[in-house]
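Participant: What follows is a single structure, and I will ask about it in a moment.
The values are calculated or read from the model by the stated rules, or taken from the named source; none is laboratory data. On a predicted model such as this, the values are computed, not experimentally measured, just so you know. Ideal geometry is used to build each Cβ from the backbone, glycine not excepted, and the neighbour counts take in all protein chains shown.
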Amino acid sequence: MNDSTLSKDAVVVERIFDAPVDLIWQMWVQPEHFKNWYGPQGFTVPVAEMDVRVGGQRLVCMEMQTPEGSMKMWTVGEYTEIVPNQRLVYTESPADENGNIVSPSAMGMPDGYPATTEVIIQLEDLGGRTKMVMTHAGVPAESGAGGGWEQAFAKLADYVGTVLKGE
């Protein structure tokens, strides 16, 4: 299943993974797993600092090689709600490598892109499979973020498959 719904101020993506809910949860909260799938195609994640507790901070760097050299996109945020294997909520803002919030326009984001957005992950156990609904609230629909999330979740499905096979 692969549905995306765009509203004016949120991107919502629903996926069903052939993996247990606890494994999908680990993909979101364990940096060593998160680095293996996060970001659109062509991006790697060299940095994923994640203090997964309410009030804990996160600092993530997505990197892509371009003809002009390495392009890095940093984000910083705070975990605001954690219900293991069910719900994860965190804020996200463009940042520099030290975790200082920078303006979205300085990161090449379109006009109207908010300085802080919220990512909500809801997981449902389907008896060995997992339904995941990701809502990225505050993201303008025209920003293209939905396509980036879809690419990331395709990478997540592939990575989960390798983890389940023990590769």
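Participant: Would you list the strands (runs of 3 or more DSSP E) that sit entirely within the range 1-104 and hold 3 or more residues that are in contact (Cβ under 8 Å) with a residue 24 or more places away in the chain and surrounded by 13 or more Cβ atoms within 10 Å (Cβ to Cβ)?
Facilitator: Of the strands (runs of 3 or more DSSP E) lying wholly inside the range 1-104, those with at least 3 residues that are in contact (Cβ under 8 Å) with a residue 24 or more places away in the chain and surrounded by 13 or more Cβ atoms within 10 Å (Cβ to Cβ) span 10-17, 57-66, 69-83, 87-95.
Participant: Consider Phe153 against the criteria (1) farther than 13 Å from Val12 by Cα; (2) at pLDDT 95 or above; (3) not in a strand (DSSP E or B): it satisfies all of them except one. Which criterion is unmet?
Facilitator: (1)
Participant: So, one more: As an exercise: evaluate Val119 against (1) touching a His at 6+ places or on another chain (Cβ under 9 Å); (2) closer than 18 Å to Val76 by Cα; (3) modelled with pLDDT under 95 and give the number of the one condition it does not meet.
Facilitator: Result: Val119 passes all but (3).
Participant: Further question on the same structure: Which residues, counting only those in the range 13-41, are under 12 Å from the mean Cα position of the chain (by Cα) and among the β-branched types (Val, Ile, Thr)?
Facilitator: The answer is Val13, Val29.
Participant: Does the range 113-136 contain any residue that is of a type in the set (Phe, Trp, Tyr) and under 23 Å from Gln86 (Cβ atoms)?
Facilitator: no
Participant: Let me ask something else about it. Can you name the residue in the range 105-142 that is of a type in the set (S, T, N, Q) and touching a residue at least 40 places away in the same chain (Cβ under 8 Å) and, of all such residues, is farthest from Pro20 (Cα to Cα)?
Facilitator: Checked the range 105-142; the qualifying residue farthest from Pro20 (Cα to Cα) is Thr135.
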